[in-house]
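Remarks on the structure that follows.
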Amino acid sequence: MAPGTRITSLDDLSRVRLDFAVPENLLGRLKPGQTVNATSAAYKGRTFKGSVATIDPRVDQTTRTARLTAEFDNPDEALKPGMFLSVALEVSTKDDAVVVPEEAIVSEGLRHIIYPVKDNKVERRVITIGQRQGGKVEVVDGLKPGETIVVLGVQRVRPGAEVIARPVGSGAPAAPVPAANREQPSRSSLNVPQAIGSAQAAERK
């Protein structure tokens, strides 16, 4: 065997790196230290939490994406070199966002309509929406925290109609009027799923 021939390699799996790409329109909201959640088909129901370590200063001219590297603690060595992971990057968090169920909103062209309930009567209101996530929609303008809104039967209600407000999913008997649900301000985190990346373990030195 000739001198210098590589016999084997040693990998330190206690901490791994994950490379992935994000669209360039998110660059203004990216910074080192942001939380990265990753999942693997090998571990159903488990989420690996890491953080952004580096952001490539260049944007790929073909894909218009920026390359990021995240680091993950891997104490049980579940993550192996070369594994593929699905990535979700938390790029913004709003502690005082007003959110409502998607089914409470009716789209009319470019406008979004919601039906608040006041004194057991339905009102019609145009709102401005923001982010969508997990069946919830952020209301940026047009709805105050604590207002009661119609969630079920929004296609059948009309302004001025009387309704009986009750919690959605309460199991109450069916009534000829739609139910309404009260929504409170809720923490809203925007998690942007990105293309699958490859986790590479650092070499032991």
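The values are calculated or read from the model by the stated rules, or taken from the named source; none is laboratory data. For clarity, every value in this text was computed on a predicted model and none was experimentally measured. Here the Cβ is made from the backbone with ideal geometry for all residues, glycine too, and neighbour counts use every protein chain on show.
What are the residues in region 40-85 that are touching a residue at least 60 places away in the same chain (Cβ under 8 Å), part of a loop (DSSP other than H, G, I, E, B) and hydrophobic (A, V, I, L, M, F, W, C), if any?
Matches in region 40-85: Leu79, Met83.
Filter region 39-85 down to the residues that are in contact with a strand residue (DSSP E or B) (Cβ under 7 Å, 6 or more places away or on another chain) and among the small types (Gly, Ala, Ser), then identify the one that is nearest to Leu13 (Cα to Cα).
Ranking the qualifying residues of region 39-85, first place goes to Ala78.
Within region 22-72, which residues are of a type in the set (Gly, Ala, Ser), within 15 Å of Met83 (Cβ to Cβ) and loosely packed, with under 11 Cβ neighbours inside 10 Å? It would help to see each step written out before you state the result.
Applying the first criterion (of a type in the set (Gly, Ala, Ser)) to region 22-72 yields 28, 33, 38, 40-42, 45, 50-51, 53, 66, 70.
Now narrow it down to the ones that are within 15 Å of Met83 (Cβ to Cβ): 38, 40-42, 50, 70.
Of everything in region 22-72, just one residue is of a type in the set (Gly, Ala, Ser), within 15 Å of Met83 (Cβ to Cβ) and loosely packed, with under 11 Cβ neighbours inside 10 Å, namely Ala41.
Does Glu147 qualify as being at pLDDT 85 or above, closer than 29 Å to Leu26 by Cα and not assigned by TED's automatic domain parsing to the domain that holds Phe20?
Details: at pLDDT 85 or above: yes; closer than 29 Å to Leu26 by Cα: no; not assigned by TED's automatic domain parsing to the domain that holds Phe20: yes.
Here the answer is no, as Glu147 does not meet what is asked.
If you go through region 91-136 one residue at a time, how many are among the basic types (Lys, Arg), surrounded by 13 or more Cβ atoms within 10 Å (Cβ to Cβ) and within 17 Å of Ile149 (Cα to Cα)?
So the answer is 3.
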